[in-house]
Amino acid sequence: MSDSVPETENPQDSVREAAEALQAYDPAAPAPLNVPRTPTGHAEVDDRLERLADADHLATDGHIEVYEDVHGGLRDALTALDARPGPPAPPSPSYHQSRS
């Protein structure tokens, strides 16, 4: 048998720690959403999706700016896909053809 007495936690310390934790908790404070973002393999799109992480550190009223920026960037990336040149167009008929 040992003469040492196991240390027990002081109940007042537990109450004090719980009260401090409760005071530190702010439900309105920014908190990461931890939404997974899977890379697409398209650098411009991936950069835009990573920008969404910026909203994790902002209050809710700051999210709209991030979302609008991401939406605009994704829209531009899609528009650029539509604007890529295709095969060359066939030559148009000339209005000044010589008459025989």
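Every number in this text was worked out from the coordinates using simple rules, so none of it is lab data. What you are looking at is a predicted structure, and each value in this text was computed from that prediction instead of being measured. Backbone-built Cβ (ideal geometry, glycine too); neighbour counts: all protein chains shown.
So, in nm, how far is label Ala18 from label Asp61 when the simple model puts each one 7 Å beyond its Cα toward the Cβ?
Those two pseudo-labels are separated by 3.5 nm.
Taking the Cα-to-Cβ direction at Ala31 and at His71 and moving 7 Å from each Cα, how far apart do the two end points lie in nm?
2.6 nm
Which value in nm describes the separation of the simple spin-label points at His42 and Ser92, placed 7 Å from the Cα toward the beta carbon?
Between His42 and Ser92, the simple spin-label model gives 3.1 nm.
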